[in-house]
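Asker: Let me give you the structure first, and then I'll get to my questions.
Just so you know, all these numbers are worked out from the coordinates, no wet-lab data involved. Here the structure is a predicted model, which is why all the values come from computation and not from measurement. Positions of Cβ are generated from backbone atoms using ideal geometry, with glycine treated the same way; all protein chains shown enter the neighbour counts.
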Amino acid sequence: MTGAGMMDCKHALVECDGDYEKAIDYLRKKGQKVANKRADRETSEGLVIALASEDKKFGSITMLNCETDFVAKNQEFIDLANAIASLTLVNKPKSLDELKNLSINDRSVADHVSDYMGKTGEKIGLNDYQFIEAPRVFVYNHMGNKLASMLGFNKSDGKEIDQCGKDVAMQIAAMSPVALDKDSVDQTLIDREIEIGKEQARAEGKPEEMLEKIALGKLNKYFKDNTLVNQEFIKDSKKTVGQYLSECDKDLKVTEFKRVSVKN
């Protein structure tokens, strides 16, 4: 019933004087002890799963992590990751904590994760959850489920919208843009890029009075390479993603996007 190993179950029953319910609690607590003992361990493996609701207006990405690829490929781990991901489409949680408190078979997601930690002896973590609500949502799962992306469009239909959605979702996965456009880039990131540009120019021996201008030029290159609508379109480098969107539908816009990877 618990899925724990035979000897673990036997030991739990011995420790609890044969009390069945106490033994189950004992095994659950063991899972928590594993979590505490391995708190400093890296969970650099796992699965990322992107799903879209039947009406295509809600999308989610969940990431369940573990320590080794061996556990990540275990069918029980895969089933748990898929069960948690499917739960998001039914309940549409607004945060990771809310997702962890949802129930599968009358027990919380957090408890299921803790139980599996006790069974494997590895640190297991539900470490990321992202969602998008939009008139039309597209998701992309890269082969092997180590990487997923999704995006929302401002409209739900159009002649080329299906192909356009698939293409842009793959663009996000492949090129990892930091923001939708230059106006969406965090000011802290902009300031950092300007400072880096100045230091690079200074190291190249450029005059001090030219550093700001040179840094701004580098910043524009950064926007081109790292903002979604300004990136070169991976299927045709002669056009930007923004131009491709306009060709699909002149009124079509990306409202937001998400990208989650096991190994960033």
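Asker: Just checking the chain: which Cys have no other cysteine's beta-carbon under 4.7 Å?
Answerer: 9, 16, 66
Asker: Between residue 41 and residue 184, 0.36 nm times their residue separation minus their Cα-Cα distance comes to what?
Answerer: 48.0 nm
Asker: At 7 Å along Cα-to-Cβ for each site, give me the label-to-label distance between residue 57 and residue 155 in nm.
Answerer: 1.8 nm
Asker: Now for a separate question. Take the Cα of residue 10, step 7 Å along the line toward its Cβ, and report every residue of the stretch 92-126 whose backbone nitrogen sits under 15 Å from that point.
Answerer: Hits in the stretch 92-126 for residue 10 at 15 Å: none.
Asker: Given 0.36 nm per residue, what is the gain on full extension from residue 238 to residue 143 after removing their alpha carbon distance, in nm?
Answerer: 31.5 nm
Asker: Want the number for residue 191 to residue 133: 0.36 nm per residue separation, take away the alpha-carbon distance, what's left?
Answerer: 17.8 nm
Asker: How far is it, in nm, from the label point at residue 83 to the one at residue 210 when both lie 7 Å from their Cα along the line to the Cβ?
Answerer: So the two model labels end up 6.4 nm from each other.
Asker: Got a sec? Charge dipole of the chain, +1 on Cβ for Lys and Arg, -1 for Asp and Glu; which of 237, 68, 222 is way out at the positive end?
Answerer: 237
Asker: Sort 189-199, 42-52 by packing, meaning the average of other beta carbons within 10 Å per residue, with the highest value first.
Answerer: Answer by packing, highest mean first, reads 42-52, 189-199.
Asker: Related question: Calculate, for residue 19 and residue 108, the FRET efficiency according to 1/(1 + (r/R0)^6) with r their C-beta to C-beta distance and R0 25 Å; round to the nearest 0.05.
Answerer: After rounding, the FRET efficiency stands at 0.65.
Asker: Can I ask one more? With 10 angstrom as the radius, rank 124, 161, 132 by how many other C-beta atoms surround their C-beta, starting from the fewest.
Answerer: 161, 132, 124
Asker: Can you pick out the pairs among 57/253; 57/182; 100/166; 100/123; 10/123; 92/166 whose Cα atoms lie more than 21 Å from each other? Walk me through the intermediate numbers first.
Answerer: Numbers: 57/253 15 Å; 57/182 26 Å; 100/166 30 Å; 100/123 16 Å; 10/123 23 Å; 92/166 23 Å.
Flagged as over cut-off: 57/182; 100/166; 10/123; 92/166.
Asker: Have a look at 235, 146, 22 and tell me which one the Gaussian network model of the chain (Cα, springs below 10 Å) gives the largest fluctuation.
Answerer: Highest fluctuation of the listed residues: 22.
Asker: Then there's this: What order, most packed first, do the peptides 96-107, 168-179 have when packing is the mean number of other Cβ atoms within 10 Å of each residue?
Answerer: Peptide ranking by packing, descending: 168-179, 96-107.
Asker: Of the options 132, 51, 117, report the single residue whose Cα projects farthest towards the positive end of the charge dipole of the stretch 12-133 (beta-carbon charges: Lys, Arg +1; Asp, Glu -1).
Answerer: Final value for the positive-end residue is 132.
Asker: Give me a comma-separated list of calculated 3J(HN,Hα) values for the stretch 88-96, in order, Karplus coefficients 6.51, -1.76, 1.60 applied at θ = phi - 60°, integers in Hz, x for any Gly or Pro.
Answerer: 3J(HN,Hα) across the stretch 88-96, in whole Hz: 5, 6, 7, 9, 6, x, 9, 7, 5.
Asker: Ok, one more. I need 188, 88 ordered by Cβ neighbour count within 10 Å, fewest first.
Answerer: The most exposed by this proxy come first: 188, 88.
Asker: Magnitude of the Cβ-charge dipole of the chain, K/R +1 and D/E -1, about the Cα centre, nearest 20 debye?
Answerer: For this selection, approximately 320 debye.
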